[in-house]
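Worksheet for the structure shown next.
The values are calculated or read from the model by the stated rules, or taken from the named source; none is laboratory data. All values reported here derive from a predicted model rather than from experimental measurement. Cβ atoms come from the backbone with ideal geometry, glycine included; neighbour counts cover every protein chain shown. Just the protein is used for accessible areas: all its heavy atoms, side chains included, with ligands, DNA and RNA removed. Shrake-Rupley method; radii C 1.70, N 1.55, O 1.52, S 1.80 Å.
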Amino acid sequence: MALAVDGLEVRYGGVRAVRGVDITVGDGEVVALLGANGAGKSSTLLAIAGAIRPFAGRVRLDGRDVTGTTPERMVRAGVAMVPETRDVFPDLTVEENLRLGAYVRRRDRAGVEADRAAMFALFPRLAERADQTAGTLSGGEQQMLVIARAMMSRPRLLLLDEPSLGLAPTIVEQIFAMIAELAATGLSILLVEQNVSKALAVASRAYVMRLGRIAAAGPARELAAAADLEDHYLGG
């Protein structure tokens with residue numbers, strides 16, 4: 001099992017943002033985490049990535065307890081996160097952003113070069129703009145860059161937070177096609193996404209969060225066909 005989250009609880013002061021959440025992601029599996037704004041999805045990802053310390057619960061990676069581990073150590077352990085804020089280093093070029101993504105394995109020069117070439121093959125738009133500063137890219141290109149930069153650390157588990165947010169429909173199609181390509185390589189992915197139909201189409205299983213808890217879970221196809229999905233999702 002690539003990821004196992006048990007009884008996860010996240011608090012901000014007296015506010016319980018995540019309440020007793022259990023999630024698993026198998027080796028090479030894409031799992032969607034759905035829910036309305038404020039349901040606790042991003043907080044769940046941040047706790048898994050080590051960006052915030054859980055108040056309670058356990059996070060296990062490949063069976064090892066990594067609860068509360070620092071973000072740098074999580075990256076070294078094989079976890080990469082792409083936050084919804086789409087943070088690039090705006091004054092650095094596309095090439096330089098990618099190399100920063102490989103910082104934890106910078107001594108493996110041959111491997112870094114091979115991965116750089118692989119990312120340019122997967123994202124041809126980035127190859128065309130390799131020497132362009134990241135701050136001048138379009139929103140879709142920046143999203144491609146942050147995903148490619150995360151992949152430069154060679155993760156076993158990729159955490160994607162709202163990869164289609166604010167993008168044009170044609171770019172959304174490209175982003176999800178790339179997610180499918182990454183999944184085909186055997187990468188484990190936990191995907192937070194507001195575009196329910198797209199998320200369920202690429203995932204094998206899904207969880208639906210409501211008010212910090214898991215309200216529904218199951219195979220993606222079954223959830224997509226469930227008559228009460230909207231009730232779970234919107235809290236009806």
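Quick rundown of the values:
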item: Residues (closer than 21 Å to S204 by Cα and either within 12 Å of the chain's Cα centre (by Cα) or among the polar types (S, T, N, Q) (or both)) located in region 152-180; result: P155, R156, L157, L158, L159, L160, D161, E162, P163, S164, Q174, I179
item: Filter result for A110 (of a type in the set (G, A, S), open to solvent by 40 Å² or more (accessible area, probe 1.4 Å), farther than 24 Å from N195 by Cα and assigned to a loop (DSSP other than H, G, I, E, B)); result: no
item: Entirely in region 1-96, the strands (runs of 3 or more DSSP E) that have 2 or more residues that are open to solvent by less than 10 Å² (accessible area, probe 1.4 Å) and either at pLDDT below 95 or within 30 Å of S138 (Cβ to Cβ) (or both); result: 30-35, 79-82
item: Extreme residue, nearest to the chain's Cα centre (by Cα), among residues of region 181-194 that are surrounded by fewer than 19 Cβ atoms within 10 Å (Cβ to Cβ) and assigned to a loop (DSSP other than H, G, I, E, B); result: Q194
item: Test result for Q142, open to solvent by 50 Å² or more (accessible area, probe 1.4 Å) and outside any strand (DSSP E or B); result: no
item: Close pairs from region 53-64: first without any contact (Cβ under 8 Å) to a residue 40 or more places away in the chain, partner open to solvent by less than 90 Å² (accessible area, probe 1.4 Å), Cβ under 6 Å, at least 6 apart; result: R53/G68
item: Subset of region 221-236 that is surrounded by fewer than 19 Cβ atoms within 10 Å (Cβ to Cβ) and under 21 Å from the mean Cα position of the chain (by Cα) - its residue that is modelled with the highest pLDDT; result: R221
item: Given (1) surrounded by fewer than 21 Cβ atoms within 10 Å (Cβ to Cβ); (2) in contact (Cβ under 8 Å) with a residue 24 or more places away in the chain; (3) more than 23 Å from M209 (Cα to Cα), number of the condition G101 does not satisfy; result: (1)
